[in-house]
Every structure is written in C-alpha cells, then in structure tokens.
Amino acid sequence: MGDNREENRGRNVNRQSQKGTARRALTPEEEQAYYQNRQGGYYQGGQGGPQGGYYQGGYYQGGQGGPQGGYYQGGQGGPQGYYEDSDDGKKSRKKKKKKKHRKLIFAIEIIVLLILAVGLFGAAQLGRMGRIKLKDIVVNTGLTSKKGYLNLALFGVDSRDGELDGGTNSDTIMVCSINQKNGEIKLVSVYRDTYLDVNDGSYSKANSAYAGGGPERAINMLNKNLDLDITDFATVDFSAVIEAVDLLGGIDIELTDEEVKWLNAYLIETSQVTGVSYENVQASGVQHLSGIQAMAFCRIRYTEGWDYKRTERQRQVLEKIFEGAKSQGITTLVSMITTMMPYIKTSLSNTEIIALAADIGKYTIAGTEGFPYDKVAADVDAGDCVVPVNLAANVKQLHEYLFGDTEYTVSDTVQQISNQIINNTGIQ
C-alpha cells in the first residue's frame, strides 16, 4: 500500500509539472490529512465534497449549480428554474391561465345572457301592465325622509268592470315598507273605515279617497295622515289573487268552523263576479285552498274581529303568496307575471319592478299589523267608522314599528288633523 501511495504521489507531481506548476511531494502525515478531509469533505461535506458540496450541498442539494437548489430545484439554470421559471415555463403557465380565464369569462357571459334574456322577456310582459303617472304627490312639510326604506302603497279593489283607476272604494289599503339594507318587509293594513282627512279637510272613511280621486288621492291621504313619503303604488283587482294562488298550486290556511261557513257563502258571489267555478270547503282545520277559495277567505268580515280580522286574513294570504313565489322557479314566476298583468296597475317603471323582483330571494316578511292601534268604533258624521284614539299617538307608534324610531315627533299637519278628529267626533 505504501508503494501505491508513492506511485500516486509521483503521478500527481507529474500532472502538476505538465501544467507548468511545480508541486512538492506530500509527506505521509499530509497525505493522511488529505484523505481524511476528503472522506469528510468531498464525499462527506468538506469543501468541494458531495454532502456539503458537489453531491449533497452543491450540485444535487442546493449548492451553487447543484440540482436540488440549483439545476433541478430552482438554481440558476436548474430544472425548477428551467422548467418552472424559465421563459418557456412562464409561457406554458400563461397559456394554461389564459385557457382557464377564457372558460371563466365564457361561463359569466352565459349567465349574464340568461339574466338579460329573462329580463327582456319580463320587460316585454311588464309592458302589458297598466300604468298611472302620478303628478301631485303631497308630503308633509318638515318630514324627515327615512333613509334606507322604500315605502309603497298597495290597494285592492273589487272592480266588477276591471276599472282600476278609481271610481271604486279600495277594500284593501296597505303600507308596504321595505328595509333595503336587510330585506325585511313590514305590512300595515289601514282599516278601510278609518276616520281620516281624505281630501283637503274633508273627513270620511279612508277607502273613499280611492273612489274619489284614484291612487293619487289615496296616496296623499296616507302621506298626510300618517307622515309618510310614499311616491309609488300598485293596485290589484281581486281576480289577481285568484290567478296567483292557482299558479302556485294553492295555499294552506287554517280555518275555524265559523270561517268555513262564511267562506262558502262568499264563494257564490265571488264565482258570479269572476266566472270562476268553485267547490265548497268541507271542514275546518288546515285546508289547501284554491284561488277562488282564498279570495273568498279574504272577503270574510262577519266573524269575531269584523273588519280588523278581515285585514288580518288579507295579510295572511298575501304572505302565503309571497313565500310561495320565492320558492318557485323562474318558469312559474314568469307565468305569474304574464297572467296577472291585466289585473294590475302601478306607477312603478319596468326597471324598478325588475330590480325588486331580482332581489326577491333576500326579502322576508318581518311582520304585519293593523292601523290604527288604539281605536273605537263609532257612528259619526261619515257613518260607522273606526276612530283613532288619538291619531297623533297612533302615528308615533306606527313610526316606531316601521322604522324603529322611538324618538319620533309627529308633524304639525298630523297634529292638526288629530285635533280636528277629536273636535269632529268628541273621541280622544
């Protein structure tokens, strides 16, 4: 082994000599240190060694030029760099991203086109709806607008000849207040016999305002007496209720024995007016009502609670229709729009109606109430009326319910009307 070392040493000297660099022969002690260093260096991590150099810390494991951190793992010129970070790699990734991006854009375009198609169809159908342009809407002086709320007037009329512009009393008078932030809807029925200022100091039953001046006068009556800022309305003929309920496949309503008796009695006249055939309801309890049965249910007023209970029934049916419409697909909703058009008149534009319909999924009916809260039935100069006790206090309570305004103070106009009602009726 010693001879071999000497031979190798000689070869090393010859190589160095050939390169033009003289190198002295290593001593036995220096050779031993060299090979020990090589075992812990070249192969084990010494300078230039594979663990910490060529194979383990350099070329293969991340040293300069090594594949883990260099050629193969992202070093300069390495495969992670070449295949992942090189120009060719970047171009490949960009192409993939572009393909995905095109697919995403295409999917969005399809959705948008479908929405537009439905919207255009809806707009075409909405063009068949009767429109009334309001000209002189009155809002009390000093009234602070309730930001974030959309207030609408809803009127239901029993029009035997399809006349919705006026000339008939509004059997249903509702204020629909929509909280546009959270989608909550609150409905308030104004009892049709409520004694109010219906037209510039003329006091009578609330439902006479629609008969005398159509929706414009009826809206002004609500704004003036209740400190509201309503600017739009929708009026429906009772036939619209029949159509809507039938398109939904009926609604479930719980009936008392007394309600069954009166419902069947109203079916006769309702069928004569609308031409819709009917079947009597056979029992009390939860019953699945058809459109004409639901309409007859809405008209009942000769049970305990009288007209107060009747408006409660109307709100109940409206809530059932609303919930049913929310759960239906677009086909049923379009059918409802198409079928109900002839029975509706409104001041809302097509754009406003489509915007409301688009958000139907977020709306919920948070509550329904009747107005006035504190009241007495009395025979006054306008006949048998519901007299608010007193109007100002009821309006304050109304604003707390609709808008959560506990600090509300009524306007001078409402206070004057309240005082006049006390003076006319002697009820306070």
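Tabulated values for the structure
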item	result
Unmet requirement for VAL236, which otherwise passes all of (1) over 11 Å from ALA294 (Cα atoms); (2) modelled with pLDDT of 95 or more; (3) in contact with a strand residue (DSSP E or B) (Cβ under 6 Å, 6 or more places away or on another chain)	(2)
Index of the failed condition, ARG315 passing every other in (1) open to solvent by 30 Å² or more (accessible area, probe 1.4 Å); (2) closer than 15 Å to ILE173 by Cα; (3) out of contact with any Phe, Trp or Tyr (no Cβ under 7 Å at 6 or more places or on another chain)	(1)
Selection count where residues are of a type in the set (A, V, I, L, M, F, W, C) and either out of contact with any Asp or Glu (no Cβ under 9 Å at 6 or more places or on another chain) or within 12 Å of SER418 (Cβ to Cβ) (or both), scope segment 383-401	6
Contacts under 9 angstrom Cβ, first residue in segment 354-372 being in contact (Cβ under 8 Å) with a residue 60 or more places away in the chain and among the hydroxyl-bearing types (Ser, Thr, Tyr), partner in a loop (DSSP other than H, G, I, E, B) and loosely packed, with under 13 Cβ neighbours inside 10 Å, 6 or more apart	THR364/ASN182
Matching residues in segment 284-320 - criterion: being among the β-branched types (Val, Ile, Thr) and at pLDDT 90 or above	VAL286, ILE292, ILE300, VAL317
Answer from ALA211, ALA218 - the residue that is open to solvent by 30 Å² or more (accessible area, probe 1.4 Å) and in a helix (DSSP H, G or I)	ALA211
Contacts under 7 angstrom Cβ, first residue in segment 336-353 being more than 15 Å from VAL157 (Cβ to Cβ) and in contact (Cβ under 8 Å) with a residue 12 or more places away in the chain, partner of a type in the set (Phe, Trp, Tyr) and crowded, with 19+ Cβ neighbours inside 10 Å, 6 or more apart	SER347/PHE233
Which numbered condition LEU348 fails, given (1) out of contact with any Leu (no Cβ under 6 Å at 6 or more places or on another chain); (2) buried (at least 16 other Cβ atoms within 10 Å of the Cβ); (3) in a helix (DSSP H, G or I)	(3)
Positions within segment 359-418 being within 17 Å of CYS176 (Cα to Cα), in contact with a Ser or Thr (Cβ under 6 Å, 6 or more places away or on another chain) and buried (at least 17 other Cβ atoms within 10 Å of the Cβ), in sequence order	GLY370, LEU402
Residue match in segment 187-203 (condition: among the small types (Gly, Ala, Ser), open to solvent by 10 Å² or more (accessible area, probe 1.4 Å) and outside any loop (DSSP other than H, G, I, E, B))	yes
Odd one out for VAL410, checked against (1) modelled with pLDDT under 95; (2) closer than 21 Å to LEU150 by Cα	(1)
Residue list for segment 240-263, filter: open to solvent by less than 30 Å² (accessible area, probe 1.4 Å) and either at positive phi or in a helix (DSSP H, G or I) (or both)	ALA240, VAL241, ILE242, ALA244, VAL245, GLY250, GLU259, VAL260, LEU263
Meets criteria (on the phi < 0 side of the Ramachandran plot, among the hydrophobic types (A, V, I, L, M, F, W, C) and not in a helix (DSSP H, G or I)) for ALA392	no
Meets criteria (small (Gly, Ala, Ser) and closer than 27 Å to ILE353 by Cβ) for GLY324	yes
Residue in segment 298-310 that is farther than 27 Å from VAL386 by Cβ, in contact (Cβ under 8 Å) with a residue 24 or more places away in the chain and crowded, with 19+ Cβ neighbours inside 10 Å present	no
Some residue of segment 266-286 being open to solvent by 50 Å² or more (accessible area, probe 1.4 Å), in a strand (DSSP E or B) and out of contact with any Gly (no Cβ under 6 Å at 6 or more places or on another chain)	yes
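Yes/no per residue for (1) over 29 Å from the mean Cα position of the chain (by Cα); (2) among the polar types (S, T, N, Q); (3) within 26 Å of ARG313 (Cβ to Cβ):
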| position | (1), (2), (3) |
| --- | --- |
| MET340 | no, no, yes |
| THR346 | no, yes, yes |
| GLY361 | no, no, no |
| THR368 | no, yes, yes |
| LYS375 | yes, no, yes |
| ALA382 | yes, no, yes |
| LEU391 | yes, no, yes |
| VAL410 | yes, no, no |
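The values are calculated or read from the model by the stated rules, or taken from the named source; none is laboratory data. Worth saying up front: this structure is predicted, and the values here are computed from it rather than measured. Heads up, the Cβs are rebuilt from the backbone with ideal geometry, glycines too, and the neighbour counts pull from every protein chain shown. Just so you know, the surface numbers come from the protein's heavy atoms only, side chains and all, with ligands and any DNA or RNA stripped out. Shrake-Rupley method; radii C 1.70, N 1.55, O 1.52, S 1.80 Å.
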